[in-house]
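Asker: Once you've had a glance at the structure underneath, I'll fire off some questions.
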Amino acid sequence: MKIVSTITEVRAQVGEWKKAGNTVGFVPTMGYLHEGHMSLIDAAGENDKVVVSIFVNPMQFGPNEDLASYPRDLEHDAALCEAHGVDLIFHPTPEEMYGENFYSYVDMNVLTQELCGLSRPVHFRGVCTVVAKLFNIVTSDKAYFGQKDAQQLAVIKRMVKDLNMPLTVIGCPIVREEDGLAKSSRNTYLSAEERKAALVLSRSIFLGRQMVEEGEQDCKKIIAAMREEIEKEPLAKIDYVKIVNLDTVQQIDKISGDVLAAIAVYIGKTRLIDNFICEQQGV
Ligand code: PAF
């Protein structure tokens, strides 16, 4: 496995692989890898070669967010990647990615105006811009993203479709701890007490999913039950509990078509997200 930090090195290596007829799978990450990322890397193993990027992208953090404290551990990440058969890690500096003067952005409306887009106004512009750049640098056949960031996945799929980017985006299921908490690099911010309190997210998600599976179609009722579950936990503060159409990320009143139920909840100072997806309900 190689670790490189320049765009030139990535292009040279991927170019060589492609010349030899290899397919390339790509997993973009911000590092501090956990089993959720490993499931994406394992899925990318369906290609001949696997590239992982590790880059804490400043552009997708708002001024009061956790850019400075975002956890980083390249040595640990590299060991995990090696063990899972990764061929190349791209670990650029912000200067390598954005240079001195950077004036071009990839932005999106509609899909980014709900859920996390409301409380994180610059986030998706930063995500779209860096992912478009990474796609142009790595030029993989496929790219793999976790369904835990379901809005991000919908946004990236839409960007690829709208801008005719020549690759396939694959969404992979949420990976959870044994007790239900969705794996996240931000779970490391939680104290022991907060870690216990954080289980309220998966409890609320499982409750909502069960209601849908049992035939409840009224989104207001499902949301009310999910909120009530979260509100039982004194350390939890709701950012949002919403049900939207999976493709457009617009709120809906009745469960129908492909549906995403998503929540964002502060546990102490840490903002965590979770969701469930129901496909083709009531159609
Ligand atoms: O999901 C993430 O870790 C990031 O948003 C991504 C896709 C790597 C872009 O920085």
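The values are calculated or read from the model by the stated rules, or taken from the named source; none is laboratory data. Nothing here was measured: the structure is a model prediction, and the numbers come from that model. For neighbour counting, all protein chains shown are included, and Cβ atoms are generated from backbone atoms with ideal geometry for every residue, glycine included. Remember, those area values only see protein heavy atoms, side chains included, never the ligands or the DNA or RNA. Shrake-Rupley method; radii C 1.70, N 1.55, O 1.52, S 1.80 Å.
Asker: From the list 19, 2, which one is open to solvent by 30 Å² or more (accessible area, probe 1.4 Å) and either in contact with an Asp or Glu (Cβ under 9 Å, 6 or more places away or on another chain) or closer than 20 Å to residue 132 by Cβ (or both)? Write out each step before concluding.
Answerer: Working: 19 fails: either in contact with an Asp or Glu (Cβ under 9 Å, 6 or more places away or on another chain) or closer than 20 Å to residue 132 by Cβ (or both).
Checking each option against the conditions leaves just 2.
Asker: Then there's this: Quick one: would you say residue 118 is within 13 Å of the ligand (Cβ to nearest atom), closer than 21 Å to residue 247 by Cα, assigned to a helix (DSSP H, G or I) and open to solvent by 10 Å² or more (accessible area, probe 1.4 Å)?
Answerer: On the way: within 13 Å of the ligand (Cβ to nearest atom): no; closer than 21 Å to residue 247 by Cα: yes; assigned to a helix (DSSP H, G or I): yes; open to solvent by 10 Å² or more (accessible area, probe 1.4 Å): yes.
No; evaluated as a whole, the condition is false for this residue.
Asker: Restricting attention to region 24-56, and to residues there that are within 9 Å of the ligand (Cβ to nearest atom) and among the hydroxyl-bearing types (Ser, Thr, Tyr), which single residue is farthest from residue 176 (Cα to Cα)?
Answerer: 53
Asker: Test of understanding: among 96, 75, which residue is acidic (Asp, Glu), part of a helix (DSSP H, G or I), in contact (Cβ under 8 Å) with a residue 60 or more places away in the chain and more than 13 Å from the ligand (Cβ to nearest atom)?
Answerer: Values: 75 fails: in contact (Cβ under 8 Å) with a residue 60 or more places away in the chain.
Answer to the selection: 96.
Asker: Another one. If only one of 179, 107 is open to solvent by 50 Å² or more (accessible area, probe 1.4 Å) and touching a Cys at 6+ places or on another chain (Cβ under 7 Å), which one is it? Write out each step before concluding.
Answerer: Values: 179 fails: touching a Cys at 6+ places or on another chain (Cβ under 7 Å).
Result: 107 is the single residue among 179, 107 that is open to solvent by 50 Å² or more (accessible area, probe 1.4 Å) and touching a Cys at 6+ places or on another chain (Cβ under 7 Å).
Asker: Being closer than 16 Å to residue 207 by Cβ and open to solvent by 40 Å² or more (accessible area, probe 1.4 Å) narrows it down to one of 255, 243, 263, 277, so name that one. Please lay out each step first, then the result.
Answerer: On the way: 255 fails: open to solvent by 40 Å² or more (accessible area, probe 1.4 Å); 243 fails: open to solvent by 40 Å² or more (accessible area, probe 1.4 Å); 263 fails: open to solvent by 40 Å² or more (accessible area, probe 1.4 Å).
Selected residue: 277, the only one of 255, 243, 263, 277 that is closer than 16 Å to residue 207 by Cβ and open to solvent by 40 Å² or more (accessible area, probe 1.4 Å).
Asker: Right, next: Is at least one residue of region 161-170 more than 16 Å from the ligand (Cβ to nearest atom) and within 20 Å of residue 230 (Cα to Cα)?
Answerer: Checked region 161-170: no residue is more than 16 Å from the ligand (Cβ to nearest atom) and within 20 Å of residue 230 (Cα to Cα).
Asker: With respect to residue 110, is the statement that it is away from the ligand (no atom under 13 Å from the Cβ), modelled with pLDDT of 95 or more and either touching a Lys or Arg at 6+ places or on another chain (Cβ under 9 Å) or at negative phi (or both) true? Working first, answer last.
Answerer: Values: away from the ligand (no atom under 13 Å from the Cβ): yes; modelled with pLDDT of 95 or more: yes; either touching a Lys or Arg at 6+ places or on another chain (Cβ under 9 Å) or at negative phi (or both): yes.
When the stated conditions are applied, residue 110 passes them.
Asker: Hey, another quick one. Which of the numbered conditions does residue 204 fail, given that it passes all the others? Conditions: (1) open to solvent by 20 Å² or more (accessible area, probe 1.4 Å); (2) more than 16 Å from the ligand (Cβ to nearest atom).
Answerer: Only one criterion is unmet by residue 204, namely (1).
Asker: In region 26-36, which residues are outside any loop (DSSP other than H, G, I, E, B) and over 13 Å from residue 173 (Cβ atoms)? I'd like the intermediate steps shown before the answer.
Answerer: Step one: filter region 26-36 for residues outside any loop (DSSP other than H, G, I, E, B), giving 26-29, 35-36.
Correct list: 26, 27, 28, 29.
Asker: On to the next question. Under 8 Å between Cβ atoms, which residue pairs at least 6 apart in sequence (or on different chains) link something in region 42-62 that is over 16 Å from residue 81 (Cβ atoms) and in contact (Cβ under 8 Å) with a residue 40 or more places away in the chain with a partner that is near the ligand (Cβ under 9 Å from one of its atoms) and β-branched (Val, Ile, Thr)?
Answerer: Once the first residue is over 16 Å from residue 81 (Cβ atoms) and in contact (Cβ under 8 Å) with a residue 40 or more places away in the chain and sits in region 42-62, its partners that are near the ligand (Cβ under 9 Å from one of its atoms) and β-branched (Val, Ile, Thr) give 57/127; 57/130; 59/130; 60/127; 60/130.
Asker: Residue pairs, Cβ under 7 Å, 6 or more apart or interchain, first in region 258-282 and touching a residue at least 24 places away in the same chain (Cβ under 8 Å) and β-branched (Val, Ile, Thr), second part of a loop (DSSP other than H, G, I, E, B) and surrounded by 23 or more Cβ atoms within 10 Å (Cβ to Cβ). List them.
Answerer: Final answer for the pair search is 267/198.
Asker: Let me ask something else. If we scan region 90-101, do we find a residue that is aliphatic (A, V, I, L, M) and either at pLDDT below 95 or surrounded by fewer than 16 Cβ atoms within 10 Å (Cβ to Cβ) (or both)?
Answerer: Looking only at region 90-101, we keep the residues that are aliphatic (A, V, I, L, M), and these are 97.
Filter again for either at pLDDT below 95 or surrounded by fewer than 16 Cβ atoms within 10 Å (Cβ to Cβ) (or both), leaving none.
No - not one qualifying residue is present in region 90-101.
Asker: Within region 121-155, can you find the residues that are over 27 Å from residue 176 (Cα atoms), open to solvent by 20 Å² or more (accessible area, probe 1.4 Å) and in contact (Cβ under 8 Å) with a residue 60 or more places away in the chain?
Answerer: Matches in region 121-155: 122, 125, 139, 141.
Asker: How many of the residues making up region 135-182 are small (Gly, Ala, Ser), touching a helix residue (DSSP H, G or I) at 6+ places or on another chain (Cβ under 9 Å) and at negative phi? Reasoning before the result, please.
Answerer: Restricting attention to region 135-182, the residues satisfying the condition of being small (Gly, Ala, Ser) are 140, 143, 146, 150, 154, 171, 180, 182.
Checking the rest, the ones that are also touching a helix residue (DSSP H, G or I) at 6+ places or on another chain (Cβ under 9 Å) come to 140, 143, 146, 171, 180, 182.
Subsequent filtering for residues that are at negative phi retains 140, 143, 146, 171, 182.
So the answer is 5.
Asker: Do we have residue 182 as within 12 Å of the ligand (Cβ to nearest atom), among the aliphatic types (A, V, I, L, M), in contact with a Leu (Cβ under 8 Å, 6 or more places away or on another chain) and within 19 Å of residue 38 (Cα to Cα) here? Step through it out loud before you land on a result.
Answerer: Numbers: within 12 Å of the ligand (Cβ to nearest atom): no; among the aliphatic types (A, V, I, L, M): yes; in contact with a Leu (Cβ under 8 Å, 6 or more places away or on another chain): yes; within 19 Å of residue 38 (Cα to Cα): yes.
The answer is no for residue 182.
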